[in-house]
Amino acid sequence: KAVPAARDTIIVIDRSSSMNALGNNRRMNDVKKAALDYVNTVLSLNNKSIDRVGLVQFAFDSQLVRGLASTQDDPSFTRLKSSIQNMTIYDAQGWNTNYGAPLKVALDEIER
């Protein structure tokens, strides 16, 4: 049986103040739930290939929170899931959301 090709995925999450535009951190909570659902889906595939997932966060700046890691590096993606769950909204006002920087950070991580 052929082994499926491994996938590298970077989850990019906006944590600017607009993620609270509906109040009660609703947008951020929805995004975090979707990210965790994705990570759990990757886990449930239980492929023989080595899928890797990373995490970038951004607001006015960008940060690689978790580099690409597989379940061999992070069993059950525990550190990745914890980083997603603990992500908070950047609460400073007056900054523009920088959409270009996190995409560059994600691409750099995938290409490394």
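We did not get these values from a lab; they are worked out from the coordinates using the rules stated. For clarity, every value in this text was computed on a predicted model and none was experimentally measured. All Cβ positions, even for glycine, are placed from backbone atoms using ideal geometry, and neighbour counts span all protein chains on display.
What's the percent breakdown of Cα-Cα distances in the chain across 10 Å bins, shortest bin first?
Histogram of Cα-Cα distances, whole percents per bin: 14, 43, 31, 10, 2, 0.
If we sort 39-45, 55-61 on the protection proxy, mean other Cβ atoms within 10 Å, highest first, what's the order? It would help to have the intermediate numbers written out before the result.
On the way: 39-45: 13.4, 55-61: 20.4.
Descending mean neighbour count gives 55-61, 39-45.
If you count the DSSP beta bridges with both ends in the chain, what percent of them are antiparallel, to the nearest 5?
On the way: 5 of 12 bridges.
Just about 40 percent of them are antiparallel.
I want the local charge near LYS104. Using Cβ-Cβ distances under 14 Å, sum +1 for each Lys or Arg and -1 for each Asp or Glu among the other residues.
Values: positive: ARG112; negative: ASP61, ASP108, GLU109, GLU111.
Net charge in that neighbourhood comes out at -3.
Under a straight-distance cross-link criterion of Cα-Cα below 19 Å, which aspartates and glutamates are reachable from LYS48, leaving out those fewer than 8 residues away in the same chain?
ASP8, ASP73, ASP74
In segment 33-47, whose amide N lies under 11 Å from the spot 7 Å out along Cα-to-Cβ of SER70? List them in ranges.
Only 47 fall inside the zone, counting backbone N under 11 Å.
Which FRET efficiency value, to the nearest 0.05, do you get for SER49 and ASP91 by plugging their Cβ-Cβ distance into 1/(1 + (r/R0)^6) with R0 = 41 Å? Please report the intermediate quantities before stating the final value.
Details: r = 40 Å, r/R0 = 0.98.
The calculated FRET efficiency here is 0.55.
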